1. In segment 35-60, what residues are part of a loop (DSSP other than H, G, I, E, B) and of a type in the set (Asp, Glu)?
2. Scan Ala95, Ala86, Ala99 and give me the residue that is in contact with a helix residue (DSSP H, G or I) (Cβ under 6 Å, 6 or more places away or on another chain), modelled with pLDDT under 95 and either surrounded by fewer than 19 Cβ atoms within 10 Å (Cβ to Cβ) or assigned to a loop (DSSP other than H, G, I, E, B) (or both).
3. Being over 18 Å from Glu84 (Cβ atoms) and crowded, with 19+ Cβ neighbours inside 10 Å is the filter here, so list the residues in segment 6-31 that pass it.
4. Within segment 17-34, identify whether any single residue is over 27 Å from Leu90 (Cα atoms), among the small types (Gly, Ala, Ser) and part of a loop (DSSP other than H, G, I, E, B), and answer yes or no.
5. Suppose we keep only residues that are in contact with a helix residue (DSSP H, G or I) (Cβ under 9 Å, 6 or more places away or on another chain) and aliphatic (A, V, I, L, M) within segment 1-45. Which one would you say is nearest to Ala75 (Cα to Cα)?
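The values are calculated or read from the model by the stated rules, or taken from the named source; none is laboratory data. Note that the coordinates shown come from a computational prediction; the quantities given were computed from them, not determined experimentally. Cβ: placed from backbone, ideal geometry, glycine included. Neighbour counts: every protein chain shown.
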Amino acid sequence: MQTEMKQGVLLHELNDDIDTVYFPQSGMASLLAVMDDGTAIEVATVGRQGVVGAMTGIGFNRASTRAIVQLPGKASKISAKQFERAVRQLNPERADHSAQGGAPRSGAEYRGVQFAA
């Protein structure tokens, strides 16, 4: 499903359960680390080549950052549950690292897996 990303819109807040995964087609989102005192610093930007909420695909459904739209544009979106199911179908033996008590050892384990919007 296509959606408009309007500047300043909060896509998810730190520690929220992520319910939607976004694939920006244009525009840009920022991922912000939020400090204990409430200040935030940008740690990543997500544009056409990226995904906001991608970690839900391997079972990490709690946001570790704040995601906010910085440049308006369009995005495809999918529910986090549908996205996780799609990842499980692609790679069922590695799909849920949270059930195994941790993250994958290396990002190299997922090289070559592509997620189409």
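1. Asp36, Asp37
2. Exactly one of Ala95, Ala86, Ala99 is in contact with a helix residue (DSSP H, G or I) (Cβ under 6 Å, 6 or more places away or on another chain), modelled with pLDDT under 95 and either surrounded by fewer than 19 Cβ atoms within 10 Å (Cβ to Cβ) or assigned to a loop (DSSP other than H, G, I, E, B) (or both), namely Ala95.
3. Within segment 6-31, Pro24, Gly27, Ala29, Ser30, Leu31 meet the criteria.
4. Yes, segment 17-34 contains at least one residue that is over 27 Å from Leu90 (Cα atoms), among the small types (Gly, Ala, Ser) and part of a loop (DSSP other than H, G, I, E, B).
5. Val21
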